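Beneath this line is the structure, given in structure tokens, with notes to follow.
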Amino acid sequence: MSSVVRPKIAIIGAGVVGLSTALHLIQKVTSAVVHIFADKFSPHTTSDVSAGFWQPYLLGDTPMELQRKWSKDTYQHMMEVAHYPDAHETGVQMLSGYTVFKDEVEDPFWKDTVLGFRHMTSQELAQYSGQSHGWFFTTFGAECRYYLPWLAKRLKAGGVKIFERKIDSIKELGSDYNVVVNCAGLGAGKLAGDQSVQPIRGQVIKVKAPWIKYYFNNEDLNDIYMLPVIDSLLLGGTHQVGSWDLNPSEEDRKRIWEGCCKFIPSLKNAKIEADCVGLRPSRPSVRVEKEVLYSGSKPVMVVHNYGHGGAGVTLHWGCAKDAVSLIEECLQELDKSTASKY
């Protein structure tokens, strides 16, 4: 625990990573004064386009031990959230379903994290033409248009202040805060001077199909999946690296629609509600680390937590825990620096 009476922490970003980092921070460093800065809030964040489906995805060269740790920590935490008394407000729900393949593949590293992982039976596989292998398991979905407001509500109840303000440089905040936390998603690269950050474009179709209660994911095709959210069903998708285009593509829509209807013919009767596009914040590996920047001669303590690709929800709580540990380290270093002056 820091001896700084009331350490001031600024968090940049109000997506699932920024808000969860703030929440874990006030749980661990109860004396902290926490302010969040963002120019976009729910329902206008990248997180809001996501189905919030837990499954490690598009994580590049992120070390496997960290993928295991962060994803498991998040899964276990969200199992608890799903049983909170106010779970109906969170957008979190348990989901079971199928992931299918044309050919046999190795089991995923996370098979012992999820509930009830098993191989599909021949009877189950017979439902999906051309597929010879598959998994069944139970995971969770966290629909962020509910989950983010729920997180924000808890933060405000805990005394956190949230400001609508675009931050162009981390140094803008350095003189007013003991630690600045960079959770700015796609914008984190500019703030950190990290040229490796780039978008991975995702497009989905939001439909009404209340008779479908399970998820479906075909790993052999280019992002063909069907994921239930609270009031709708999301059909996907795309992972177009380097594309900044936020306009729905008719070509992508046609491929998604035909691909999903091929496996789930009843979807042809679904009511289409919207076409949605989001830009996943990607880099070669997720970055959760501390850094010291300088504003003139003044050091600015920074903790980075960005680059989660297609796994922001999947990793958010595990990454928040590690980011908060780094914040605590920064505060301890500041204590030592202060003590050495006397």
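Here are the numbers for the structure shown:
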{"item": "Those residues of region 35-58 which are in a helix (DSSP H, G or I) and closer than 20 Å to His24 by Cβ, in sequence order", "result": "Ser47"}
{"item": "Any hit, region 271-286, residues being among the basic types (Lys, Arg), within 30 Å of Gly130 (Cα to Cα) and without any contact (Cβ under 8 Å) to a residue 12 or more places away in the chain", "result": "no"}
{"item": "Residue satisfying all of: in region 48-62; surrounded by 23 or more Cβ atoms within 10 Å (Cβ to Cβ) and of a type in the set (Gly, Ala, Ser); farthest from Lys206 (Cα to Cα) among these", "result": "Gly52"}
{"item": "Tally, over region 279-313, of residues that are part of a strand (DSSP E or B), open to solvent by 10 Å² or more (accessible area, probe 1.4 Å) and of a type outside the set (Lys, Arg)", "result": "15"}
{"item": "Qualifying residue in region 70-79 (condition: under 21 Å from Leu186 (Cβ atoms), among the acidic types (Asp, Glu) and either in contact (Cβ under 8 Å) with a residue 24 or more places away in the chain or touching a helix residue (DSSP H, G or I) at 6+ places or on another chain (Cβ under 7 Å) (or both))", "result": "no"}
{"item": "Those helices (runs of 4 or more DSSP H) lying entirely in region 111-206 with at least 1 residues without any contact (Cβ under 8 Å) to a residue 60 or more places away in the chain, among the hydroxyl-bearing types (Ser, Thr, Tyr) and open to solvent by 40 Å² or more (accessible area, probe 1.4 Å)", "result": "122-125"}
{"item": "Single match in Ile11, Ile26 (criterion: surrounded by 20 or more Cβ atoms within 10 Å (Cβ to Cβ) and not in a helix (DSSP H, G or I))", "result": "Ile11"}
{"item": "Where Gly97 falls short, out of the listed (1) touching a strand residue (DSSP E or B) at 6+ places or on another chain (Cβ under 9 Å); (2) assigned to a helix (DSSP H, G or I); (3) not charged (D, E, K, R)", "result": "(2)"}
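The values are calculated or read from the model by the stated rules, or taken from the named source; none is laboratory data. This structure is a prediction, so every number in the text was calculated from the model and none was measured. FYI the Cβ positions are ideal-geometry reconstructions off the backbone, even for glycines, and counts take in every protein chain you see. Accessible surface areas use protein heavy atoms only, side chains included; no ligands, DNA or RNA. Shrake-Rupley method; radii C 1.70, N 1.55, O 1.52, S 1.80 Å.
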